[in-house]
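Data first, discussion second: the structure below is written as structure tokens.
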Amino acid sequence: MATAEVIPLTLPPLPEGWNAEKDFKILGTLSNATQRNIEPVGPHFLAHARRKRHRRTFSEDER
Amino acid sequence: MSEGPAVNAAEWFAIGISFGNSNSSIAYTGPDGKAEVIANEEGDRQIPSILSYVDGEEFHGTQAKLQLIRNPRDTVAYFRDYLGKDYTSIDPTPCHQSAHPQQSDSAVAFSIHDANDEGPSSITVSEITTRHLRRLKQSASDFLGKAVNAAVITVPTNSSAAQRGALISSAKRAGIEVLQLVHEPVAELMAYDARPETVVVDKLVVVADLGGTRSDASVIASRGGMYTILATAHDYELGGANLDQIIIDHFAKEFMKKHQIDPRENERGLAKLKLEGEATKKALSLGTNATLNIESLTNGIDFSSTINRTRYELLAGKVFSQFTNLIEQAVKKAGLDVLDINEVCGLSQAVHCYTRKTHESQVILSGGSSHTPKLASRLQSIFPVTTKILAPSTFPTALNPSDLAARGAAIQASLIQEFDKEDIEQSIHPMVTVTPHLSNAIGVRLLSPSVLGESSPDFQPLIDVETALPARRVTQYRVSNTGGDVLVRVCEGVREIKTIKPIPKPKEDTNGGETDADSELESDEEEEEIRQIVWNESRPIAEIALKDVKSGSKVEVVVNINSDLGLQVTARAIGSRGGVRFAVDAPNVTSDGSI
Ligand SMILES: Nc1ncnc2c1ncn2[C@@H]1O[C@H](COP(=O)(O)OP(=O)(O)OP(=O)(O)O)[C@@H](O)[C@H]1O
Ligand SMILES: [Mg+2]
């Protein structure tokens, strides 16, 4: 899924007085994940299995 | 899987097989990548899973099904769900009008005359399955002109390890190496997704497999082309046989009115009614009326009569409700609402609810009973209007619901047949398949257009809940006409179902709480509430400022989430250099060890 999805909606303006050193603020971490079984079928799964078994990332996989 | 075919990979020539209690299908995916269901020598693509023995000769498929009238005791039918099961745990009901299941050690067997000049022999369900699969293999080999030696076979989502093992062994004895067993609803979804026009989008799919003796419904999250089953529901007493019964009873009553004899009390009469009634039912899926013709139904009396679709649908109303209930039950078990099986409506305040084009939802109707038009139209009325109901009567380019499972299996077979068996087994191991999935959607805050011309901030998902990790998504957003500094606020969000109550009308006399539960009409006396999905921010993750963005340009946000829930975000105005890039650490491992 490397192609961008275009959402025709507008980002809000930066609030008055917003300030951060490198223009970003980290506010929290993600919630815990759920362990689930993905179905071992289809071309996308095979790519996932290949990455997982060879411990590769998406970008390495694209090369 | 490894980089290429392993050195000593066996030479597999593999097909896809769907093996149902009622029917089986075989399919093949050629080098052109197209999956085709293969007709057997009789021209059938839905091959009845039935074997019959007459004077030592084996009949299979439709020929065997016809023997249910003349020769029911030496005809074995509806046996799939007995394979790998303990005799004490089976339901023998579907076999009332064919060879009865018997106990053999702890397994199931049938006592049949399968050879000439001999008494009956006890044939185990494993052996029956082997014979059935051998016939399917032969038909496929004859059609393809090359000996088939391997297959991907579909199984119900809830089949046990013992059932799977027994199927693999039975296939092996038939000369078929099972490369992989795949879940029926997943194969059925894959049959649709493998079409060339399909684009990979994140979607929620309900697969309703409405068969002959059982029906199963599943809710599947499809994320980046990978499938996760969220919930399933099963009904072992619901299928096309219940609809056949409606037809049988209708015609039997008509016959009784004329002749004062109940044809259902005569074994052969009932078998004829069942066979011909099923054909009449199928004809009603296409035409508005259908005729039943039976020679010598009972006591030598011929019978001919017609039924129209409206009448049939009225009689079958309750059975149709059982099918739709099963599907609604699966949606509920997944913790979802029918509204979730819809294009994702992101913006609550928006009057024109914006739907993400790349996100869609489908209800796939599979299995023979899914040809029934009324079932598809009932579902269309339960789910939001925008939900695609993929059935012949509601979706012009729907695939044949009877073909889906075999097609999906054939697609998988073509994907893996070049690999080593060991390689395949490693890839389907839980080490590879058990994966962390997002428990909340991740999105950004956006301005929602409002009728009043004012804008209010709102959450819009960017990565859906239940996405398998690692995951990466790229999204572009608009910048206001004035341009300037914009905020990208990344957060988790949860969806809520908001009910808007209509203004109550003054009630007229109520009939003391009595309801006509049997009413066939689905008239909803209650005032219609409007229910809709609303997204709310539930947990802020980060904020990014993008300064001096040109008016009318776009901002691209790339989110990458690792398996440990660490997150990298990049935001930049398209066309500009640089942008903001940062990483959010993985959360601490909790005490129970889950991440
Ligand atoms: N055109 C049609 N219209 C209505 N019903 C049909 C049509 N074609 C097939 N059926 C019904 O579909 C049922 C068989 O469905 P299917 O082949 O999917 O079953 P199966 O999965 O093999 O069986 P089971 O549910 O017993 O395991 C039968 O009841 C048959 O009458
Ligand atoms: Mg089935």
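Obtain the nm distance between the two label points defined at B:Asp564 and B:Ser551 by a simple spin-label model: each point lies 7 Å from its Cα along the Cα-to-C-beta direction. Placing both labels 7 Å along Cα→Cβ, they lie 4.7 nm apart. Shielding value for A:11-21 is 6, the average number of Cβ atoms from other chains within 10 Å of each residue's Cβ. For each pair in B:Lys282/B:Lys374; B:Lys65/B:Lys137; B:Lys333/B:Lys498; B:Lys281/B:Lys318, compute the distance between the two Cα atoms and list the pairs where it is over 22 Å. Where the Cα-Cα span goes over 22 Å, no listed pair is concerned, since all stay within it. A Förster distance of 60 Å, applied to the separation of the beta-carbon atoms of B:His429 and B:Glu254, puts the FRET efficiency at 0.55. Assuming a ≥ b ≥ c are the square roots of the Cα gyration tensor eigenvalues, decide whether the protein assembly as shown counts as rounded (a/c under 1.5), prolate (otherwise, with a/b larger than b/c) or oblate. Oblate, since a/c reaches 1.5 and b/c is not below a/b. Taking Cβ atoms as reference points and 11 Å as the exclusive limit, the residues near B:His60 contribute a net charge of -1, counting Lys and Arg as +1 and Asp and Glu as -1. Taking 0.36 nm per residue of separation and subtracting the current Cα-Cα distance, fully stretching the chain between B:Ile382 and B:Leu315 would add 22.1 nm. Rounded to the nearest 0.05, the FRET efficiency derived from the C-beta distance between B:Asp55 and A:Asn37 at R0 = 56 Å is 0.70. Computed from Cα positions, the angle between helix B:373-382 and the longest principal axis of chain B comes to roughly 30 degrees. May I ask for the net charge around A:Thr10, where only other residues with Cβ less than 11 Å from the Cβ of A:Thr10 are counted and Lys, Arg are +1 while Asp, Glu are -1? Taking every Cβ under 11 Å from that of A:Thr10, the sum is +2.
On the beta carbon distance between A:His54 and B:Ala162, with R0 = 41 Å, the FRET formula returns roughly 0.75. Measure nothing but the geometry: give the 0 to 90° angle between the long axis through the Cα atoms of B:125-144 and the longest principal axis through the Cα atoms of chain B, rounded to 10°. Around 80 degrees separate the two axes. Note on the stretch B:9-175: with charges restricted to the Cβ of Lys and Arg (+1) and Asp and Glu (-1), its dipole about the Cα centre is near 460 debye. The candidates B:His132, A:His54, arranged from most to least accessible area with a 1.4 Å probe in the full protein assembly, appear as A:His54, B:His132. In the protein assembly as shown, taking the dipole from charged Cβ atoms about the Cα centre, the farthest positive-side position among A:Ser31, B:Gly300, B:Ser139 is held by A:Ser31. Of all DSSP bridge pairs formed entirely within the protein assembly as shown, close to 80 percent run antiparallel. The interface between chain B and chain A buries about 6500 Å² of solvent-accessible area in total (1.4 Å probe, ligands and nucleic acids excluded). Dipole magnitude for chain B: about 1500 debye, using +1 per Lys or Arg Cβ and -1 per Asp or Glu Cβ, origin at the Cα centre.
Modelled spin labels at B:Asp117 and B:Thr499, positioned 7 Å past Cα toward Cβ, are 7.6 nm from each other. The helix-based estimate of mean residue ellipticity at 222 nm for the protein assembly as shown, built from -39,500 (n - 2.57) per DSSP H run of four or more residues and divided by its residue count, is -7500 deg cm²/dmol to the nearest 500. List the lysines whose alpha-carbon lies under 26 Å from that of A:Lys52, not counting same-chain residues fewer than 8 positions away? Correct list for A:Lys52: B:Lys203, B:Lys421.
Compared with the dominant Cα axis of chain B, that is its longest principal axis, helix B:317-333 is turned about 40°. Evaluated with a Cβ-only charge set (Lys, Arg +1; Asp, Glu -1), the protein assembly as shown carries a dipole of roughly 1680 debye about its Cα centre, given to the nearest 20.
The values are calculated or read from the model by the stated rules, or taken from the named source; none is laboratory data. Please read all numbers here as calculations on a predicted model, not as lab measurements. A quick note on method: Cβ atoms are made from the backbone with ideal geometry, for glycine too, and the neighbour counts reach across all protein chains shown. The protein model used for the area step is the full one, side chains on, heavy atoms only, and it has no ligands, DNA or RNA in it. Shrake-Rupley method; radii C 1.70, N 1.55, O 1.52, S 1.80 Å.
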